[in-house]
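Working notes for the structure below.
The values are calculated or read from the model by the stated rules, or taken from the named source; none is laboratory data. Model, not experiment: these values are computed from the prediction. Here the Cβ positions follow ideal geometry from the backbone for every residue, glycine too, while neighbour counts run over all protein chains shown. Quick note on the areas: whole protein, heavy atoms, side chains included, nothing else; ligands and nucleic acids left out. Shrake-Rupley method; radii C 1.70, N 1.55, O 1.52, S 1.80 Å.
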Amino acid sequence: MGGGSMPIPVGVGGGAGVILVLIFLALQLFGGGGGSGGGGGLGGALSPIGGGAVEPGQSVDLSNNGDMVQFMGYVLDDANALWADTFQRAGQPYTATVLVLFEGGTQSGCGAASSQTGPFYCPLDQKVYIDLDFFRELSSRFGAKGDFAQAYVLAHEVAHHVQQQTGIESEVRQMMQQNPSQQNELSVRLELQADCLAGVWAQSVYQQGDLERGDLEEGLNAASAVGDDRIQAGAGADVNPETWTHGSAEQRSSWFNRGFDSGDPAACDTFA
């Protein structure tokens with residue numbers, strides 16, 4: 001758990017030099033810091049959901065989760081606004097992602113998803129998928145409580161959409177297929193970059209005056225709670241870095257904090 005893309009078939013192509021050049025160009029695209037965010041406030045009145053930003057998955061009635069839907073809608077709109085502004089200032093197009101909330105299971109462009117899948121981003125339909133039960137488990141099982149812990153999860157998945165929009169995600173997937181022995185390492189780097197970009201979004205919220213230190217701690221705690229080492233230890237398994245796909249608790253919270261401290265996506269070069 002912790003939210004990456006579901007595995008999807010990818011083509012063969014590119015190479016180490018190609019991906020490094022692509023990532024360099026993508027980070028240059030983001031040079032100069034993040035945008036101003038979408039307005040509103042996490043601690044105050046929530047902005048209305050617009051443009052169908054939140055969709056129901058199979059077997060879920062969003063009307064029964066009104067407060068959660070409204071909060072997630074605000075976070076999604078704000079994160080999309082930040083990245084749209086960042087891309088616009090770089091002269092590049094940005095297509096907003098959509099959030100699908102479901103319970104138990106649903107169908108995505110990347111295939112069937114269940115509550116065991118965890119939050120994920122599907123690059124084929126460019127949507128974020130979150131099972132409402134995950135937020136309950138995030139609090140009860142992983143001890144990551146609070147609204148901003150939930151906001152971190154969504155911001156992390158939106159960051160995967162940013163990676164898709166820049167081409168980083170597809171190149172990394174191609175590299176994984178070309179170099180199976182490096183799949184886990186590349187996956188960790190991709191996930192840590194998403195954590196860092198989530199931190200950049202958190203900084204934009206902080207600049208608006210809508211984020212307090214306690215909120216930030218909730219986000220850091222959530223990033224740590226879904227570290228691979230914490231999950232392995234919690235399941236009674238051996239902690240084995242070679243099997244990690246998302247990074248350790250320390251790595252995840254550190255990169256989230258790096259994004260927050262800098263407020264600059266260019267600081268999120270986990271592939272350097």
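Could you go through region 188-206 and let me know if any residue there is over 15 Å from the mean Cα position of the chain (by Cα), modelled with pLDDT of 85 or more, within 21 Å of V162 (Cβ to Cβ) and of a type in the set (A, V, I, L, M, F, W, C). Checking region 188-206: at least one residue is over 15 Å from the mean Cα position of the chain (by Cα), modelled with pLDDT of 85 or more, within 21 Å of V162 (Cβ to Cβ) and of a type in the set (A, V, I, L, M, F, W, C).
In the condition set (1) part of a helix (DSSP H, G or I); (2) at pLDDT 80 or above, Y94 is compliant with all but (1). Of all residues in region 81-105 being of a type outside the set (A, V, I, L, M, F, W, C) and surrounded by 22 or more Cβ atoms within 10 Å (Cβ to Cβ), which is farthest from Q203 (Cα to Cα)? Per the criteria, the residue is T97.
Looking at this structure, is L186 hydrophobic (A, V, I, L, M, F, W, C), open to solvent by 10 Å² or more (accessible area, probe 1.4 Å) and assigned to a loop (DSSP other than H, G, I, E, B)? When the stated conditions are applied, L186 does not pass them. The selection criterion, being at pLDDT 70 or above and out of contact with any helix residue (DSSP H, G or I) (no Cβ under 8 Å at 6 or more places or on another chain), does not hold for R258. For M176, the criteria (1) modelled with pLDDT of 70 or more; (2) in a helix (DSSP H, G or I); (3) buried (at least 21 other Cβ atoms within 10 Å of the Cβ); (4) among the aliphatic types (A, V, I, L, M) hold in every case but one, which is (3).
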